[in-house]
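Here's the structure we're looking at; comments come further down.
The values are calculated or read from the model by the stated rules, or taken from the named source; none is laboratory data. The shown structure was predicted, so the numbers you read here are calculated from the model rather than taken from an experiment. No Cβ is skipped: glycine too gets one built from the backbone with ideal geometry, and neighbour counts run over all protein chains shown.
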Amino acid sequence: MLDQQKKIVQSTLPALKVHGEEITRYFYQEMLGAHPELRSMFNASDQADGTQAKRLAGAILAYAGNIDRLDLLGSAVNQIARSHVRVHVQADQYPIVGKYLLLAIKAVLGDAATPEVIEAWGAAYAQLADILIPMEKGMYAAAAAD
Ligand code: HEM
(Lines give C-alpha, C1' and ligand atoms only; values in the text may rest on other atoms or scores of the structure.)
Protein backbone atom coordinates (compact mmCIF):
# COMPACT_ATOMS: atom_id res chain seq x y z
CA MET A 1 0.00 0.00 0.00
CA LEU A 2 1.40 3.40 -0.98
CA ASP A 3 1.90 6.21 1.58
CA GLN A 4 -0.41 8.38 -0.48
CA GLN A 5 -3.13 5.70 -0.26
CA LYS A 6 -2.70 5.46 3.51
CA LYS A 7 -3.20 9.23 3.73
CA ILE A 8 -6.33 8.98 1.60
CA VAL A 9 -7.77 6.19 3.75
CA GLN A 10 -7.09 8.27 6.87
CA SER A 11 -8.61 11.36 5.30
CA THR A 12 -11.90 9.51 4.74
CA LEU A 13 -12.17 8.53 8.42
CA PRO A 14 -14.37 11.43 9.55
CA ALA A 15 -16.91 10.71 6.80
CA LEU A 16 -16.79 7.00 7.54
CA LYS A 17 -17.40 7.64 11.22
CA VAL A 18 -20.59 9.46 10.27
CA HIS A 19 -21.68 6.87 7.69
CA GLY A 20 -20.07 3.70 9.06
CA GLU A 21 -23.22 1.83 9.91
CA GLU A 22 -24.97 2.95 6.74
CA ILE A 23 -22.06 1.58 4.72
CA THR A 24 -22.11 -1.81 6.37
CA ARG A 25 -25.88 -2.09 6.20
CA TYR A 26 -25.78 -1.33 2.46
CA PHE A 27 -22.90 -3.78 2.11
CA TYR A 28 -24.80 -6.69 3.66
CA GLN A 29 -28.01 -5.94 1.78
CA GLU A 30 -26.32 -5.77 -1.64
CA MET A 31 -23.87 -8.62 -1.10
CA LEU A 32 -26.42 -11.04 0.33
CA GLY A 33 -28.88 -10.02 -2.41
CA ALA A 34 -26.35 -10.96 -5.10
CA HIS A 35 -24.93 -13.94 -3.18
CA PRO A 36 -27.77 -15.56 -1.24
CA GLU A 37 -25.54 -18.63 -0.76
CA LEU A 38 -23.59 -16.57 1.81
CA ARG A 39 -26.72 -15.69 3.79
CA SER A 40 -26.66 -18.73 6.07
CA MET A 41 -23.11 -17.87 7.18
CA PHE A 42 -24.26 -14.71 8.89
CA ASN A 43 -26.16 -14.76 12.15
CA ALA A 44 -29.69 -13.64 11.17
CA SER A 45 -30.63 -11.99 14.46
CA ASP A 46 -27.36 -10.02 14.55
CA GLN A 47 -28.13 -8.74 11.07
CA ALA A 48 -31.68 -7.78 11.96
CA ASP A 49 -30.76 -5.76 15.05
CA GLY A 50 -27.72 -4.12 13.44
CA THR A 51 -25.10 -5.77 15.72
CA GLN A 52 -23.30 -7.25 12.73
CA ALA A 53 -23.21 -3.89 10.95
CA LYS A 54 -21.79 -2.17 14.03
CA ARG A 55 -19.08 -4.83 14.48
CA LEU A 56 -17.91 -4.64 10.89
CA ALA A 57 -18.08 -0.83 10.84
CA GLY A 58 -16.01 -0.78 14.02
CA ALA A 59 -13.41 -3.10 12.51
CA ILE A 60 -13.12 -1.02 9.36
CA LEU A 61 -12.68 2.20 11.32
CA ALA A 62 -10.16 0.64 13.71
CA TYR A 63 -8.20 -0.64 10.76
CA ALA A 64 -8.23 2.67 8.92
CA GLY A 65 -7.30 4.55 12.09
CA ASN A 66 -4.31 2.28 12.74
CA ILE A 67 -3.16 1.78 9.19
CA ASP A 68 0.38 2.87 10.17
CA ARG A 69 0.35 0.72 13.31
CA LEU A 70 -0.97 -2.65 12.21
CA ASP A 71 0.78 -4.28 15.19
CA LEU A 72 -1.85 -2.67 17.45
CA LEU A 73 -4.50 -4.62 15.57
CA GLY A 74 -2.80 -7.97 16.21
CA SER A 75 -5.27 -9.43 18.69
CA ALA A 76 -8.27 -7.96 16.86
CA VAL A 77 -7.14 -9.57 13.62
CA ASN A 78 -6.62 -12.87 15.37
CA GLN A 79 -10.14 -12.65 16.82
CA ILE A 80 -11.61 -11.94 13.37
CA ALA A 81 -9.73 -14.93 11.89
CA ARG A 82 -11.07 -17.20 14.64
CA SER A 83 -14.65 -16.01 14.01
CA HIS A 84 -14.13 -16.61 10.30
CA VAL A 85 -12.85 -20.15 10.83
CA ARG A 86 -15.87 -20.89 13.04
CA VAL A 87 -18.19 -20.07 10.11
CA HIS A 88 -15.85 -21.60 7.47
CA VAL A 89 -14.94 -18.43 5.55
CA GLN A 90 -12.96 -19.38 2.41
CA ALA A 91 -10.17 -17.46 0.68
CA ASP A 92 -12.16 -17.21 -2.57
CA GLN A 93 -14.93 -15.30 -0.73
CA TYR A 94 -12.62 -12.36 -0.02
CA PRO A 95 -12.97 -10.77 -3.49
CA ILE A 96 -16.78 -10.89 -3.12
CA VAL A 97 -16.72 -9.12 0.24
CA GLY A 98 -14.16 -6.62 -1.08
CA LYS A 99 -16.29 -5.80 -4.11
CA TYR A 100 -19.41 -5.05 -2.06
CA LEU A 101 -17.51 -3.16 0.61
CA LEU A 102 -16.13 -0.80 -2.05
CA LEU A 103 -19.55 -0.46 -3.71
CA ALA A 104 -21.05 0.43 -0.34
CA ILE A 105 -18.36 3.04 0.38
CA LYS A 106 -18.98 4.48 -3.07
CA ALA A 107 -22.75 4.57 -2.67
CA VAL A 108 -22.68 6.22 0.74
CA LEU A 109 -19.85 8.73 0.19
CA GLY A 110 -21.20 9.81 -3.20
CA ASP A 111 -19.04 12.49 -4.83
CA ALA A 112 -16.46 12.19 -2.03
CA ALA A 113 -15.72 8.63 -3.23
CA THR A 114 -13.31 9.65 -5.99
CA PRO A 115 -11.50 6.92 -7.99
CA GLU A 116 -8.44 7.61 -5.78
CA VAL A 117 -10.48 7.02 -2.62
CA ILE A 118 -11.89 3.75 -3.96
CA GLU A 119 -8.45 2.62 -5.10
CA ALA A 120 -6.94 3.46 -1.70
CA TRP A 121 -9.66 1.50 0.10
CA GLY A 122 -9.19 -1.39 -2.31
CA ALA A 123 -5.51 -1.45 -1.36
CA ALA A 124 -6.36 -1.26 2.36
CA TYR A 125 -8.83 -4.14 2.04
CA ALA A 126 -6.27 -6.21 0.09
CA GLN A 127 -3.69 -5.58 2.80
CA LEU A 128 -6.00 -6.84 5.54
CA ALA A 129 -7.12 -9.81 3.39
CA ASP A 130 -3.44 -10.70 2.90
CA ILE A 131 -3.08 -10.92 6.69
CA LEU A 132 -6.35 -12.78 7.36
CA ILE A 133 -6.22 -15.37 4.57
CA PRO A 134 -2.88 -16.98 5.57
CA MET A 135 -3.84 -16.78 9.27
CA GLU A 136 -7.10 -18.62 8.55
CA LYS A 137 -5.29 -21.10 6.32
CA GLY A 138 -3.00 -21.91 9.24
CA MET A 139 -5.98 -22.37 11.58
CA TYR A 140 -7.72 -24.73 9.12
CA ALA A 141 -4.50 -26.73 8.75
CA ALA A 142 -4.06 -26.94 12.53
CA ALA A 143 -7.67 -28.08 12.97
CA ALA A 144 -7.26 -30.71 10.23
CA ALA A 145 -4.10 -32.01 11.89
CA ASP A 146 -5.89 -32.46 15.25
C1 HEM B 1 -10.63 -7.93 5.22
C2 HEM B 1 -11.80 -8.54 5.22
C3 HEM B 1 -12.68 -8.78 6.43
C4 HEM B 1 -12.79 -8.11 7.62
C5 HEM B 1 -12.05 -6.87 8.10
C6 HEM B 1 -13.81 -8.80 8.39
C7 HEM B 1 -14.21 -8.45 9.68
C8 HEM B 1 -15.03 -9.19 10.48
C9 HEM B 1 -15.33 -8.91 11.87
C10 HEM B 1 -14.80 -7.73 12.66
C11 HEM B 1 -16.16 -9.86 12.32
C12 HEM B 1 -16.77 -9.98 13.72
C13 HEM B 1 -15.84 -10.83 14.55
C14 HEM B 1 -16.31 -10.97 15.96
O15 HEM B 1 -17.11 -10.19 16.45
O16 HEM B 1 -15.83 -11.91 16.61
C17 HEM B 1 -16.39 -10.76 11.23
C18 HEM B 1 -17.20 -11.86 11.30
C19 HEM B 1 -17.62 -12.57 10.19
N20 HEM B 1 -17.14 -12.42 8.91
FE21 HEM B 1 -15.70 -11.15 8.31
N22 HEM B 1 -14.28 -9.84 7.68
C23 HEM B 1 -13.64 -9.88 6.47
C24 HEM B 1 -13.84 -10.78 5.45
C25 HEM B 1 -14.85 -11.71 5.42
C26 HEM B 1 -15.15 -12.60 4.32
C27 HEM B 1 -14.38 -12.68 3.01
C28 HEM B 1 -16.24 -13.34 4.66
C29 HEM B 1 -16.92 -14.36 3.77
C30 HEM B 1 -18.21 -14.36 3.51
C31 HEM B 1 -16.61 -12.93 6.01
C32 HEM B 1 -17.64 -13.46 6.74
C33 HEM B 1 -17.83 -13.28 8.10
C34 HEM B 1 -18.81 -14.02 8.88
C35 HEM B 1 -19.78 -15.06 8.35
C36 HEM B 1 -18.68 -13.59 10.21
C37 HEM B 1 -19.48 -14.04 11.41
C38 HEM B 1 -20.77 -13.27 11.36
C39 HEM B 1 -21.86 -13.73 12.30
O40 HEM B 1 -21.58 -14.42 13.28
O41 HEM B 1 -22.99 -13.35 12.02
N42 HEM B 1 -15.75 -11.95 6.42
N43 HEM B 1 -15.69 -10.34 10.13
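On inspection, HIS88 qualifies as over 20 Å from GLU30 (Cβ atoms) and not in a helix (DSSP H, G or I).
Condition check: out of contact with any His (no Cβ under 7 Å at 6 or more places or on another chain), modelled with pLDDT of 85 or more and part of a helix (DSSP H, G or I). Does ALA15 satisfy that? When the stated conditions are applied, ALA15 passes them. Note down all Cβ pairs under 9 Å where the first residue falls in the range 33-48 and is under 16 Å from HIS84 (Cβ atoms) and within 10 Å of the ligand (Cβ to nearest atom), the second is modelled with pLDDT of 85 or more and not in a helix (DSSP H, G or I), and they're at least six residues apart or on different chains. Matching pairs, first to second residue: MET41/VAL87; MET41/HIS88; MET41/VAL89; PHE42/VAL87; ASN43/VAL87.
Filtered by the rule that a residue be closer than 16 Å to LEU13 by Cβ and within 12 Å of the ligand (Cβ to nearest atom), the range 112-122 gives a lone residue, TRP121.
Among the residues that make up the range 125-145, is at least one of them polar (S, T, N, Q) and not in a helix (DSSP H, G or I)? The answer is no, given that none of the residues of the range 125-145 is polar (S, T, N, Q) and not in a helix (DSSP H, G or I). For beta carbons closer than 8 Å, sequence separation of 6+ or different chains, a first residue in the range 130-141 that is closer than 10 Å to VAL85 by Cα and a second that is near the ligand (Cβ under 9 Å from one of its atoms) and not in a helix (DSSP H, G or I), the qualifying pairs are GLU136/VAL89.
Count of the range 62-95 residues, restricted to those that are touching a helix residue (DSSP H, G or I) at 6+ places or on another chain (Cβ under 8 Å), under 25 Å from LYS7 (Cβ atoms) and more than 9 Å from the ligand (Cβ to nearest atom), is 7. The single condition among (1) charged (D, E, K, R); (2) within 19 Å of SER11 (Cβ to Cβ); (3) buried (at least 16 other Cβ atoms within 10 Å of the Cβ) that GLU136 does not meet is (2).
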